[in-house]
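Have a look at the structure below, then the notes.
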Amino acid sequence: MALAPPPILARRRLDVEGTVQGVGFRPFVHGLAVRHGVHGHVLNTGRGVTIEAEGEPAAIARFAAELETDAPVLARVGKVTATELAPRGDVRFEIRASRPGAGAPAIPADAPTCEDCLRELFDPADRRHGHPFISCTNCGPRLTMVVRAPYDRANTTMARFPLCAACRAEYEDPADRRFHAESTCCPDCGPRLSLPLTEAVELLLDGAVVAVKGLGGFHLACLAADEDAVARLRSRKRRDAKPFAVMTNDPGALVVLDAMQTGLLTGPERPILLARRRAGAPVARAVAPGDALLGVLLPYTPLHHLLLRAVGAPLVMTSANRSDEPIVVDDDQARRRLAGIADAILGHDRAIHRRCEDSVVRREHVVRRSRGYAPRPMRLPVAAARPLLAVGAELKSTFCVATGHDAFVSPHLGDLRSFEARSAFHADRALYTAMLRVRPEVIAHDLHPDYAATAWAREQDAELVPVQHHHAHAAACLAEHGRDDQALALVFDGTGLGTDGTLWGGELLRCDLFGFERVAHLEAVPLPGGEAAVRQPWRTAAAYLEQAGRPVPFPRWPAVRQSLGVNAPRSSGMGRLFDAVAALLGVREEISYEGQAAIELERLAGDVAAAPYPCRIVGGVVRGADLVAAAHDDLEAGRPRAQVAAAFHEGVAAVSVAAVAAVHRGEPVVLSGGTFQNVRLLSAVERGLASLGCVTLAHRTIPPNDGGISFGQAAIAARRIAACA
Ligand code: ZN
Ligand code: ZN
Ligand code: FE
């Protein structure tokens, strides 16, 4: 009988970078090794994990392949570097102690309760049955509970909850789902609710407003179908129009969903999805007054699941704050600031260290990239040769820390004119630089000297890269698509400072990541009263009507007009043109939140078909007043308002496409800026450009609005320092 030859062995070291700590990666690697008969070890290092795998070459190849294809849900396997080593005759596979080193792996994003935890949550026989803080390596709070890097329990707000014996045994068992799950706990050792769940449920069923502590802040909750409860919440919150999000286990009953939208809703980010409201959806009118779109989201914490199941009906879940203030994060603050808004507070003693609001998406793009996304990095097309920080804009502020190809965009910070948003800007910046163990040597900032972030940047001891606002918008979109070649960019938004000191925002740029040229733009109009014109779109409408040579119907105009010479900055913002037409159509003379008039104008236009209004382009200047004149004349002639709104949308799209056609040399065309959140405009422009044969690049995961500015600034700064090297 012939003996089989001894197997030929190989040994390979795999250095894995990416989000591979705090996500159950080592137990996964352990299980994979056992399955493939591979020996060796795995350990956490300063950059990620290092694996040494020994076995038959074919087994190692399968092991290495599945490392990437079968990784745990929260893991993001980045670069894998393989090195062949001499076999050492290991006889098993083990998880070894961590080896700290230079660099730092990323902190994971907050993750929704996983299927396994959900099963346990509702299993009467499980020791965590009904435990509102159940979590494991696949789910639970992450970024929002991290006090400092690196991501270890001692550095989180769970540090004050020592593990009981049973939890510790799981935490130390490599074969357990809770091996090194930093957020794990049980009813014996975990945090406690400040109010019995049954009481909160009874209150909600009685129509009360209850503040509920979530992952990144408090929500205000009430029955979504209860007209009185929702109306009460609206008046107490002093928010008269902005839609509320609804949390439900059955979103298909409230909005119309296609496969892509279902994918967005159920994805690990668990965002609020804005989708078309189903006719007859069991939701109070006051949830989204007059709005065809409804924001829906699935429960994402165990507490949400327990509440929804006990209540048995959809709940309004809106950020707990008064209008324009940042979301409330701690229990004392909740009692103080929410007195008079919430009837009761369902808090607990696990602190939220980092404010992180819900992310908001539409089918077309991310509107607010926050909880669930942050701090997952985006890839820069040109690597940052030196660590850099981009401080973003002012409203919908975010910042971005970049090193190499990785760009870490912060969660939505809000309006930097508020004290709380500025505090979050400073605290989160410290966390991100500590996480990446970098000290930014380069700071990119907006040109606007009055932005808080610009002022801060200019006080720092670092090399400054000033970036024009609309160039940053265009670069964000280019970089999101991994491109650094030349493009044309239609950048439409409300306001941004131009290089000539006027306010831009209806721009056609020819640009790359390095620089730009202003090819064409909307004709500027004076904004009577400056900021006042932004809050009162009728003022801009009056300025446009004068430019169009039409009579101005607004009774307050003669008085306001006298102040034109005093405070009337010139603006070519497309957002302002939308405001003007909205005011003309009587949609809205004053707004209560940014972009409101434009959103309502889009809703008015709906799917109504209309031929575009004509609009001249003279020497690269787009005569927006032509569109206003046409709208005015049609209204005088008694044409239905929806048709006027539709013809205006089509007119903007047509003149945009014409402006591109006049200068197009085969480059891709970028569509960016907050105005492109208008999906009717976006699709009309995309259709027009497609008929020209242009490749268009629109936003997907980086918001078209100012939340994307920091990423664009980072892409430009990285490109510029690469050019200097
Ligand atoms: Zn879990
Ligand atoms: Zn325990
Ligand atoms: Fe902007």
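Every number here is computed from the coordinates shown, using simple stated rules; none is lab data. It should be emphasised that the depicted structure is a prediction, and the values quoted were computed from it without experimental measurement. Every residue, glycine among them, receives a Cβ derived from its backbone with ideal geometry; neighbour counts consider all protein chains shown.
With each label modelled as a point 7 angstrom along the Cα→C-beta vector, the residue 91-residue 700 pair spans 5.1 nm. If R0 is taken as 60 Å, the Cβ-Cβ distance between residue 635 and residue 98 corresponds to a FRET efficiency of 0.30.
Starting from the alpha-carbon convex hull of region 160-240, give the projected area averaged over all orientations, in nm². Over every viewing direction, the Cα hull of region 160-240 projects on average to 7.6 nm². Across the chain, counting alpha-carbon atoms alone, Rg and Dmax equal 27.4, 109 Å. Relative to the current alpha-carbon distance between residue 662 and residue 262, full extension at 0.36 nm per residue lengthens the span by 140.0 nm.
Computed from the C-alpha gyration tensor, the three semi-axes of the ellipsoid equivalent to region 10-95 are 19, 13, 12 Å, from longest to shortest. Distances between placed amide hydrogens fall under 5 Å for residue 444 paired with 389, 390, 391, 465, all partners being 5 or more residues away or on another chain. The C-alpha atoms of the chain define a longest principal axis, and helix 537-547 lies at about 50 degrees to it. Put in line by how crowded their Cβ is, counting other Cβ atoms within 10 Å and starting with the fewest, 341, 617, 8 read 8, 617, 341. The alpha-carbon atoms of region 197-368 define a convex hull whose volume equals 107 cubic angstrom per residue. Dividing the mean sequence gap of close Cα pairs (under 8 Å, 6+ apart) by how many residues region 77-205 holds gives a relative contact order of 22 percent. Relative to the longest principal axis of the Cα atoms of the chain, the long axis of helix 419-435 makes an angle of roughly 40 degrees.
Here the simple spin-label model places points 7 Å from the Cα toward Cβ, and for residue 683 and residue 385 these points are separated by 4.5 nm. Each pair of Cα atoms in region 644-694 enters the Kirkwood radius, and Stokes-Einstein at 37 °C and 0.692 mPa s then converts it into a translational diffusion coefficient of 293 µm²/s. Proximity of backbone amide H atoms, modeled 1.01 Å from N, is registered between residue 405 and 384 at under 5 Å, excluding neighbours fewer than 5 places apart on the same chain. Each of 151, 171 was scored by other Cβ atoms within 10 Å of its Cβ. Arranged with the fewest first, they read 171, 151.
For the chain, averaging the sequence separation of C-alpha pairs within contact (under 8 Å, six or more residues apart) and dividing by the residue count gives a relative contact order of 11 percent. Segment residue 459..residue 439, full-extension length gain: 5.7 nm, with 0.36 nm per residue of separation and the alpha-carbon distance subtracted. The length gained on full extension between residue 349 and residue 195, counted as 0.36 nm times the residue separation minus their Cα-Cα distance, comes to 54.3 nm. Extending 7 Å from the Cα toward the beta-carbon at both residue 563 and residue 517 defines two label points whose distance is 4.1 nm.
Relative to the dominant Cα principal axis of the chain, helix 25-36 is inclined by about 50°. Annotation for region 396-469: GluC sites (Glu not before Pro) lying in DSSP loop with at most 15 further Cβ atoms inside 10 Å of their Cβ are 441, 459. Computed on region 197-368, with alpha-carbon pairs under 8 angstrom and 6+ residues apart, the relative contact order is 35 percent. Inverting the pair-averaged 1/r between distinct Cα atoms of region 259-358 gives 15.7 Å as its Kirkwood hydrodynamic radius. Fewest neighbouring Cβ atoms within 10 Å first, the residues 412, 39, 180 line up as 39, 180, 412.
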